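S.K.: Starting off with a structure, shown below.
The values are calculated or read from the model by the stated rules, or taken from the named source; none is laboratory data. For clarity, every value in this text was computed on a predicted model and none was experimentally measured. For neighbour counting, all protein chains shown are included, and Cβ atoms are generated from backbone atoms with ideal geometry for every residue, glycine included. Accessible surface is based on the protein model in full, side chains and every heavy atom, while ligands, DNA and RNA are left aside. Shrake-Rupley method; radii C 1.70, N 1.55, O 1.52, S 1.80 Å.
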Amino acid sequence: MAGSMVFSNENGVGMSTFQFRCFARLVRDAFLPAEQDVLEEVFDPFDGGALNYLYAADLDGDKYLILCGAINRAHVAGRESGGELVDEGLWAEIFDAMAADSRYQK
């Protein structure tokens with residue numbers, strides 16, 4: 001079974017189950033305490049339904065940008081820890097898909 005980060009119904013990134021679990025752990029840990037509502041919404045399919053995907057298609061623009069911030073912090077944390085096995089190629093795919101969404105603002 002594999003996993004996915006779904007940014008919209010037309011845009012997502014698939015990954016191995018192992019990489020998905022590493023990615024999900026990093027992203028979960030990167031949300032700030034005030035952002036728990038967004039975390040819960042994005043992680044609902046994974047936490048509530050035991051499905052291997054995170055879902056951002058229904059987020060409004062502000063919540064989407066909160067998710068983007070958490071993903072950016074997760075990337076930094078993963079690089080600094082050196083122990084997570086989410087490779088840079090996968091991070092590049094995630095960032096490209098994240099930025100391709102109309103809710104993304106640079």
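S.K.: Given (1) in a helix (DSSP H, G or I); (2) closer than 25 Å to Ser102 by Cβ; (3) more than 11 Å from the chain's Cα centre (by Cα), identify the lone condition not met by Ala57.
M.R.: (1)
S.K.: Let me ask something else. Name the single residue, out of those in the range 96-106 being touching a residue at least 12 places away in the same chain (Cβ under 8 Å) and outside any loop (DSSP other than H, G, I, E, B), that is farthest from Ala56 (Cα to Cα). Spell out how you get there, then give the answer.
M.R.: Going through the range 96-106, the residues touching a residue at least 12 places away in the same chain (Cβ under 8 Å) turn out to be 97-98, 100-101, 103-105.
Going one step further and asking which of them are outside any loop (DSSP other than H, G, I, E, B), we end up with 97-98, 100.
Working: Ala97: 12, Met98: 10, Ala100: 13 Å.
Ranking the candidates gives Ala100 first.
S.K.: Let me ask something else about it. Within the range 9-18, how many residues are in contact (Cβ under 8 Å) with a residue 24 or more places away in the chain and either buried (at least 16 other Cβ atoms within 10 Å of the Cβ) or farther than 17 Å from Ala50 by Cα (or both)?
M.R.: Kept after step one, since they are in contact (Cβ under 8 Å) with a residue 24 or more places away in the chain, are these residues of the range 9-18: 9, 11-13, 15, 17-18.
This time we only want the ones that are either buried (at least 16 other Cβ atoms within 10 Å of the Cβ) or farther than 17 Å from Ala50 by Cα (or both), so: 9, 11-13, 15.
Qualifying residue count for the region: 5.
Here is a yes/no grid of residues against (1) open to solvent by 70 Å² or more (accessible area, probe 1.4 Å); (2) closer than 24 Å to Gln105 by Cβ; (3) at pLDDT 95 or above:
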position	(1), (2), (3)
Val6	no, yes, yes
Phe20	no, no, no
Leu32	yes, yes, yes
Val42	no, yes, yes
Leu59	no, yes, yes
Cys68	no, yes, yes
Asn72	no, yes, yes
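S.K.: Let me ask something else. How many residues does the range 46-57 hold that are under 15 Å from Asn9 (Cβ atoms) and crowded, with 16+ Cβ neighbours inside 10 Å? Talk me through it step by step, then tell me what you get.
M.R.: Step one: list which residues in the range 46-57 are under 15 Å from Asn9 (Cβ atoms), which gives 53-57.
Still in the list and also crowded, with 16+ Cβ neighbours inside 10 Å: 53-56.
The total comes to 4.
S.K.: With respect to Ala77, determine if the residue is under 14 Å from the mean Cα position of the chain (by Cα) and closer than 18 Å to Glu10 by Cα.
M.R.: Against the criterion (under 14 Å from the mean Cα position of the chain (by Cα) and closer than 18 Å to Glu10 by Cα), Ala77 does not qualify.
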